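To start, the structure itself, in structure tokens.
The numbers here are math on the coordinates, done by the rules we state, and not lab data. Model, not experiment: these values are computed from the prediction. For neighbour counting, all protein chains shown are included, and Cβ atoms are generated from backbone atoms with ideal geometry for every residue, glycine included.
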Amino acid sequence: MENRYQMPRGTFDLFDEEVLIWRQVEQLIRRICQLYGYEEIRTPIFEATEVFAGENDSSDMVNKEMYSFNDNGGRSLTLRPEGTKGIIRAFVEHKMFGSPDLPRKLYYLGPMFRYDRPQKGRYRQFHQFGVEAIGARDPLLDVETIALGWQIAKAMGINNITVMINSLGDKESRDAYRKALTDYFTPHLDELCEDCHRRLRQNPLRVLDCKVDRDKDFFRDAPSIQDYLNEPSRAYFASVLKGLDDLGISYQVEPHLVRGLDYYTNTVFEVVPVDDAGQQATIIGGGQYDGLVESFGGGDLCGFGFGMGLERMITLAKEQGGLQAIKPANDVYVIAIGEVGDYGLTIAQQLRSAGYSVALDYTHRGMKGQFKAAERAGSKVIIIAGEDELQQQKANVKDTETKEQITVPVSEIIGTVEKILGKRK
RNA sequence: GCGGUUGUGGUGAAGUUGGUUAACACACUGGAUUGUGGCUCCAGCAUUCGCGAGUUCGAGUCUCGUCAAUCGCCCCA
């Protein structure tokens with residue numbers, strides 16, 4: 001026996017208990033999305049590279065972290081590294097902006113791909129759930145969407161969480177702040193680390209995230225976004241916070257929270273476990289994007305959305321004892337002994353047609369082995385048939401709980417099983 | 001992209017300064033019980049130690065390479 005192949009780095013197989021847990025999580029998400037009026041959208045796993053590689057993104061991500069390839073027709077395609085862009089593309093392509101009821105509320109759930117160095121909870125093929133509400137700009141929408149993420153986390157049994165929230169303001173506020181930051185940090189250039197030099201050029205807001213320079217004196221006095229919000233932005237943010245208060249969602253205003261993307265406006269937020277200080281801890285992240293739809297050619301529409309990494313959510317939920325795999329029990333196990341041909345399968349098929357899940361042995365094990373297999377399968381009823389029973393067209397039906405066993409004609413098997421299983425419920 | 005740790009059967013693992021028949025436990029299969037499980041007892045179950053090369057009379061044990069997992073940094077749309 002040798003391992004001729006192994007899964008590609010950063011991928012994993014999902015089976016046994018694990019896949020049951022995933023399915024449970026997916027069902028829970030779909031159910032809650034439905035409560036909030038979100039509808040599912042499924043977009044292609046790959047898109048034209050330009051869909052993801054807009055001017056808005058730092059070139060690092062685009063060059064190094066995307067799975068891009070040319071197809072046989074010479075088109076440059078990319079495995080989706082995130083959910084939002086594909087949804088916006090679809091929204092514009094199918095002219096959903098013409099819908100009488102905006103915002104259009106969509107959710108997605110599926111694999112994404114990033115060429116990252118794998119770590120615990122971080123894979124190259126990972127799974128993300130996310131929502132996008134496109135076509136409205138209202139604090140109510142922000143609050144409702146945050147509440148949706150909150151409810152899903154709670155439903156998964158994740159309890160000690162809080163919302164980190166900030167406002168980047170509208171375009172005007174943002175540009176003013178960006179300029180203020182650049183002006184402020186430029187004189188300190190010598191004191192900044194290598195990475196910050198790059199950040200200052202590419203995305204000044206990101207400098208605030210720096211872990212190397214964070215504790216230096218001049219960092220404490222760096223301008224705060226809150227001081228650069230214009231009146232409409234300030235009022236908008238206040239409404240969002242009031243909404244969260246009214247819904248009893250705990251939050252913390254974090255002026256340095258900027259998220260990695262340039263397209264965010266006004267509200268940005270992350271949901272984090274409170275007792276976990278590491279920055280790997282973010283389980284949900286999102287915010288408002290004004291201008292993204294327009295950059296896809298879809299008109300001046302505002303959107304709000306978030307994304308959630310399922311791997312991390314599930315890990316966290318399990319740590320907090322939230323998710324238990326529930327293995328569906330098998331109803332009937334048919335034990336066939338001796339030279340009985342397909343007698344066992346015939347009985348099994350009758351029961352399956354009647355709606356019972358039936359298992360049987362294919363390896364000609366002895367009776368002891370088959371009984372053990374039935375036990376492992378959690379079978380509630382065991383049917384034993386051998387050469388004598390085949391002769392008489394009968395079978396022994398045994399209740400595994402009471403251990404009572406009766407011999408009945410083939411035609412009465414279904415009725416007998418029905419009686420035993422019915423009694424149990 | 002950088003650094004640390006790890007890699008033995010289906011699973012958990014032991015393996016002393018390199019010497020060989022690769023412990024032990026669980027699981028699994030068969031038998032004791034010629035057709036009735038969960039207890040007990042007996043037997044079987046890794047031509048081989050992630051993969052490849054090297055050092056050596058001899059390597060699971062040392063060296064190098066490689067693949068993978070994991071932790072930290074970077075990044076995290």
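Need the full-extension length gain, A:E401 to A:D342, defined as separation in residues times 0.36 nm minus the C-alpha distance. One decimal, nm.
Details: separation 59, 0.36 × 59 = 21.24 nm, distance 2.72 nm.
Extra length from A:E401 to A:D342 when fully extended: 18.5 nm.
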Karplus ³J(HN,Hα) for the range A:332-337 (6.51 cos²θ - 1.76 cosθ + 1.60, θ = phi - 60°; Hz, whole; x = Gly/Pro) runs 9, 10, 9, 9, 10, 10
For chain A, percent of DSSP beta bridges that are antiparallel (nearest 5) comes out at 80
Within the range A:299-361, DSSP-loop GluC sites (Glu not before Pro) with at most 12 other C-beta atoms within 10 Å are A:E339
For the range A:31-175, the count of lysine pairs 8 or more apart or interchain whose alpha-carbon atoms are under 28 Å apart comes to 12
From the Cα centre of the range A:385-425 to that of the range A:40-54, the distance in Å is 56
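Counting only helical runs of four or more DSSP H residues, what would the 222 nm mean residue ellipticity of chain A come to if each run contributes -39,500 (n - 2.57) and the total is spread over all its residues? Numbers along the way, then the final one.
Numbers: 15 runs with 156 residues, N = 425.
It lands at -11000 deg cm²/dmol.
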When chain A is treated as a Gaussian network with springs between alpha carbons less than 10 Å apart, the largest mean-square fluctuation among A:R376, A:R31, A:R178 is found at A:R376
Counting only residues 5 or more apart in sequence or on a different chain, those whose built amide H sits under 5 Å from that of A:T162 are A:V272, A:V274
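Could you order peptides A:288-297, A:73-82 by the average number of other Cβ atoms within 10 Å of their residues, highest first? Kindly include the intermediate steps, with their values, before the conclusion.
On the way: A:288-297: 19.2, A:73-82: 15.5.
Highest mean packing first, the order is A:288-297, A:73-82.
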Sorted by chain and then number, the residues having a modelled amide H within less than 5 Å of the amide H of A:L323, at least 5 places away or on another chain, are A:K318
So, with points 7 Å from each Cα along the Cβ direction, the A:K95-A:L247 label distance in nm works out to 3.3
